[in-house]
Amino acid sequence: MAGLTRTAGAFAVTPHKISVCILLQIYAPSAQMSLPFPFSSVSQHNRLGLYLLSITKSCNDIFEPKLEELINQLREVGEDMGAWLTDHLINRFSSLASPDDLLNFFNDMRGILGSLDSGVVQDDQIILDPNSNLGMFVRRCILAFNLLSFEGVCHLFSSIEVYCKEGHSSSTQFDASNNKLGPLTQYDQMDMESYAMDKATEELELHKNARGSVPFHLHTAEALFEVTEEQMQHAGLLDTRKETSRTSKKSTEATAVACASSSTLEDTLVDDSLFLRTNLQIQGFLMEQADAIEIHGRSSSFSSSSIESFLEQLQNLAPELHRVHFLRYLNKLHSDDYFAALDNLLRYFDYSAGTEGFDLVPPSTGCSMYGRYEIALLCLGMMHFRFGHPNLALEVLTEAVRVSQQLSNDTCLAYTLAAMSNLLSEMGIASTGSVLGSLYSPVTSTASSLSVQQRVYILLKESLRKADSLKLRRLVASNHLAMAKFELMHVQRPLLSFGPKASTRHKTCPVSVCKEIRLGAYLVSDFSSESSTMTIDGSLSSAWLKDLQKPWGLPLISKDSDSRKSSTFFQFYDHLVSIPGSVSQLIGASYLLRATSWELYGSAPMARINTLVYVTLFGDSSSSSDAELAYLKLIQHLALYKGYKDAFAALKIAEEKFLTVSKSKILLLKLQLLHERALHCGNLKLAHRMCNELGGLASTAMGVDMELKVEASLREARTLLAAKQYSQAANVAHSLFCTCHKFNLQIEKASVLLLLAEIHKKSGNAVLGLPYALASISFCQSFNLDLLKASATLTLAELWLGLGSNHAKRALDLLHGAFPMILGHGGLELRARAYIFEANCYLSDPSFSVSTDPDTVLDSLRQASDDLQTLEYHELAAEASYLMAMVNDKLGRFEEREEAAALFKRHIIALENPQDVEQNMA
Amino acid sequence: MVSKETCRNELRVAIRQLSDRCLYSAAKWAGEQLVGIEQDPSNSTPSNTRFQRGSSSIRRRFSTNESISTPQPSVGFLQAATPLPEEDEAIDGDLYLLAKAYFDNREYRRASHVLRDQMSKKSVFLRCYALYLAGEKRKEEEMIELEGPLGKSDAINRELVSLERELSALRRTGGIDSFGLYLYGVVLKEKGNESLARASLVESVNSYPWNWSAWSELQSLCTSIEILNSLNLNNHWMKEFFLGYAYQELRMHTESLAKYSYLQGIFSFSNYIQAQTAKAQYSLREFDQVEIMFEGLLRNDPYRVEDMDLYSNVLYAKEACAALSYLAHKVFLTDKYRPESCCIIGNYYSLKGQHEKAVMYFRRALKLNKKYLSAWTLMGHEYVEMKNTPAAIDAYRRAVDINPCDYRAWYGLGQAYEMMGMPFYALHYFRKSIFFLPNDSRLWIAMAKCYQTEQLYMLEEAIKCYKRAVNSTDSEGIALNQLAKLHQKLGRNEEAAFYFEKDLGRMDAEGLEGPNMFEALVFLATHFKTHKKFEEAEVYCTRLLDYSGPEKEKAKSLLRGIRMAQTGFPTMDLEHFPI
């Protein structure tokens, strides 16, 4: 049908294009002279040329600019001769009094093109090379005009009338204001500017030449990919560990960009002139919009209704441009409108048969006759996944696998497998028996016995293999990331299907995780073959035109100090090196994953550094959910290492930035922080409430939001423990352990075991606690969770000490073994606990006498007390002060004793009256 | 009950008034109804009687519809006889006459120009109407002129804005008659202001009910029964026509049939009513009746093209090649550039298996009318036949986007996706189509088949669908048989036996035989035998003995088994043995 055979080449003459032609006539008059009449310098002449180049290529809007806008831009570009240009333009238009004048005009246009065969070019002659960008533009205009029927010419003529009428009012106004503008020219600066631009255009030309023809349908592939990828990132990086952060000034910047883009959208809405840009430009614009939806889609500053209304407008103008439906789908997806999203997705694929916009596979493979509906299945599956219908998603993806196998569309198969493994690893579906069994006959016999994790592993491997052989770099990269995440989170067991040669390691290996991450990032840096075609044509020109709006007077150097400017500079730079947004997102994701893995392995500084790298380098190009995650990590870090005051201050900033985002994780973080703090302050009622609210955030469906559910019940158990309801706490922890086991959440198992040990320790059953602590340690060892292991060792030592003071020596040894880890990477609480425990050990060790070596104990206690003060952990702080007072009492230092005693009293009072703390928290 | 005489008189005046205002299609409709009333004895002419003789013979043949003789007035009839409006100008101005002549020559702009200073309501209406039509004409032309590779640029009727301004001003000052209100409603509808358009049209038909164009515009704005019921319409016999039409478009076919059979009491020879009745019957799949009715229609009105595409659908369904070709030839000679004619020819080629040609004619129909729904759907069917699924899907999707209630196109989409081995994806479309026509067993069966495919193999869901199909009168009996088989497959023999028995009963009632019957009999015989209900088992076995083939042998061995089992229990009552 129509959608299948549609090709590029919609190039219609519009009044705007005639304006450009008029300006081109000024730029390159057919007469021979070194510098045409109105120009006073070569740089001025060049500047107009650059401007013309930009407006022929830019794609920042679906509609062509009106005469008024054009005149405004001319004022920016032309400076002192802007008025002359405007006058000339308007006069030229008013001289077009009948269709015949149009005909003559285009005949004249032919004159400004240099002839192809004249090899001899005089030195100072200005000739428009017919093969240059501008020359091509003129030729296309002339051709398009020649193709017009007389009716077409009449339409053009009447639309010129409309165009001029609209522009007329503004031009008179301009004439009045023009005199006041005065000469703003600063030649030095301008030369530099145009020099920079020259380089830019050179680069652009290079790109053009290298590329040959720009593929027409690119956007959807990218958008599709971004969806996949985004979900991969979701899947990969959801596990939120405690960590803290430092606020960043970047936040304000990003919102400014978001506002800017949304305001350009508003502008398009008032438009009622109906001149569309060329097809290619519209495609580029749609691509940009898709990126915008992707990046800002879920924040409220980006209004989905405004984008919707212009999409509607666009659809009215070009009903055969099916990609609009896909954009609508993306938009609806991001505004969480299930039915509209579904409807638009189906409509898009019904019309386009999945062939418009997918350049993943060369069309010569022969199955294009049947359309590419398997991609529809893939998209539908991911949509269901996103809306939280895992079972539906699984069904659809299974069908996608089957259909792509049938049609031997390996690319789609690779993507589908990746999506499927995401789904499985994210949702924790318990019953997937039939899925794999039907897919891979060699594994059929064993499929039913495979755990979900093993299936994920198989799927990932398969997807990776396919992607690798098809050279889908970005899929390979994101698969590597997913693999790294998988290796991070799951024990590798030998799989029957992989034969006896498979390794039998029972632990994760940080080296392999690191290797996968690096492989991912490395491949992405090598994206030239696949993604150079992904650059948005004309976006550079759009950016350049946007820069016109900014005041000219600023010298170049001052730009660096101005953060807004520097960010645009970076954008500019981005455009030049043409890293596609999705690629930089992927690299960013690898940094986030690194941060997560360091979090798990227990290196706080490394985690923080990686997060900071992410925020600094990729904050602008990342999607809002990723940026949010990075902030989350930094704030958690702050809370753990700098205390709550800083964390809440940072949270406030993050809230302003992200709370408008739907499904915000910031709320989750806030609840977590409030809960921690309430626990520390001893405000158990509040803690309980927070914990319940946290649980309420999770979906009620089985197997969905597992992380959140585990977290909620973990916190519940801790609250119960703090309330000294040991048996209930133990019950909750036990059932939690069962859940973790059922859904194969290995890492969570380790912390649950540790919690159980704590519960037994607190309830005084040290003997019962010991096996739990040991089990936790062995879990930590096999997963390389060093920090958690250190903390488990601490608990183990505490348990030993709990068995009697004769075990103090052993406890102390254990503690000292874990000390480097605790002091180097542990948070405030853990460190304080370790210090206090050390003091306790010494004090209970009969062979140790306080009077001979008081500083060993006092130093530790002082450290602990300081840490706890910033943490506002009254219970432990009271303990530390108490010990300090006792020691000082023994030593006879009465002044210090009183001091410590007063501190003790203060903490105890605060612990008993937690209400006043609550006031300033809420 | 309105007297025929009143109707006749009202229509006679109305026709004159309508054609005086150049509302020709409304005048045409009114004229058809006028001659549809039983013959006026006062001025019978030979030609008139000849005409009616022909149609009454049809009526005799077509005697299935008993309700004609006893029309049931479904609305309380206290009809305030709407007085016929008097002409505001007894004698038209000279300029009006000229304008009308221009209008009749399709020089719309000229007509409106002539009337530029005339202030009478009639002149104002004609001027605005001519302007509107001029705009429409230009719009159609522009649509073709501006057609780009990305589809049409949205050409609009450029007169709408000024017309709306003028008409709304006139309406405020009361300088507008019911015809002006009709035009105002049309303009508002085009501008997308539906509720205001409805209000204006209701006002128009309440003050002047004989303008069928106003009624049909009003119908197109009644997209749900709620909207229809909320209209505040005066009682008039024209309202019955409207309701019949509106019910039909809302797929309430029985209600609309009731309306039409009532109206037939007055307009016994109305072709319009007969065609509408046929349409409703077609939707109820009463093909034989529909064919008879269309035959009658064609005899009465041999050059009729309207609704003939429906007739061709019936002929297609009955695979009547010759009749279809005859019909196609006839409409081709009458008017080949009507979308209906193209559709009929397309149907003919489709029936002959020449799908490329069929597609060509459907395309031509669509060229003539882009929104011609059935052509899109039919073209989809053709592409399915040609195994060009993407094109089929595209065509169906366009139909659905024109009218989202078109269950055939939704069904076609589902079928196309199922053909491509994407049953799960197809389910969504089947669900959509069932949503619009929940009582059609075919749709339920299609959905059940989708669930049954080896890829999905969701038998429980399939069973649910078949049950729904059974509940909504499954004429072909697929559902019962499938239900039985599915239950058998799932090992639920009791349920299987229940459905096999039901199916058997159905086949007996319809006098059918075939493999299904053998299957049912064999299953039932075995089932009852294993459950020691020898009596029933024997009944089924003996029935099987009537047929030849392997089943007979099977029955024999079963019978032997039964005898063995029974002799094993000597206490068994021997009386029950049919020896």
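In table form, for the structure just shown:
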| read-out | value |
| --- | --- |
| Peptides A:718-728, B:436-446 ordered by average Cβ neighbours within 10 Å, highest first | B:436-446, A:718-728 |
| Distance-filtered residues of segment A:761-794 - backbone nitrogen under 18 Å, label point 7 angstrom along residue A:726 Cα→Cβ | A:761-774 |
| Expected 222 nm ellipticity per residue - DSSP helices of 4 or more, -39500 (n - 2.57), all of chain B, to 500 | -22500 deg cm²/dmol |
| Computed label-point distance, nm, for sites residue B:542 and residue A:742 using a 7 Å Cα→Cβ extension | 5.9 |
| Average other protein chain Cβ within 10 Å of Cβ, residues A:148-160 | 1 |
| Greater than 24 Å apart at Cα, pairs in B:279/B:330; A:461/A:515; A:633/A:670; A:670/A:762; B:502/B:532; B:532/B:556 | A:670/A:762 |
| Label-point separation in nm, residue A:408 to residue A:306, each point 7 Å along Cα→Cβ | 5.0 |
| Per-pair calculated FRET efficiency, R0 = 56 Å: residue B:369 and residue A:387 via Cβ, rounded to 0.05 | 0.90 |
| Rounded FRET efficiency, nearest 0.05, which uses the C-beta distance separating residue B:287 from residue B:322 and R0 of 22 Å | 0.85 |
| Links that overshoot a 31 Å alpha carbon limit, given the list A:165/B:100; B:4/B:28; A:17/B:357; A:332/B:191; A:645/A:665 | A:165/B:100; A:17/B:357 |
| FRET efficiency for residue B:140 and residue B:195, using Cβ-Cβ distance with R0 set to 25 Å, rounded to 0.05 | 0.35 |
| Environment charge of residue A:343, counting only residues whose C-beta is closer than 11 Å and scoring Lys/Arg +1, Asp/Glu -1 | +1 |
| Segment A:854-919-segment A:609-652 distance, computed between alpha-carbon centres (Å) | 32 |
| Extension reserve of the residue B:98-residue B:254 stretch, reckoned as 0.36 nm per residue once the Cα distance is removed | 51.4 nm |
| Cross-link reach list, lysines versus residue B:449, counting only Cα pairs under 19 Å and skipping chain neighbours closer than eight places | B:432, B:464, B:467, B:485, B:489 |
| Net charge of neighbours whose Cβ lies under 14 Å from the Cβ of residue B:537, counting Lys and Arg as +1 and Asp and Glu as -1 | +4 |
| Charge context of residue B:487, other residues only, Cβ under 15 angstrom, K/R +1, D/E -1 | -1 |
| Lysines with Cα under 16 Å of residue A:742, excluding same-chain neighbours fewer than 8 positions away | A:709 |
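Read-outs throughout are calculated quantities, based only on the coordinates presented, and are distinct from any laboratory measurement. This is a predicted model, so every value here is computed, not measured. No Cβ is skipped: glycine too gets one built from the backbone with ideal geometry, and neighbour counts run over all protein chains shown.
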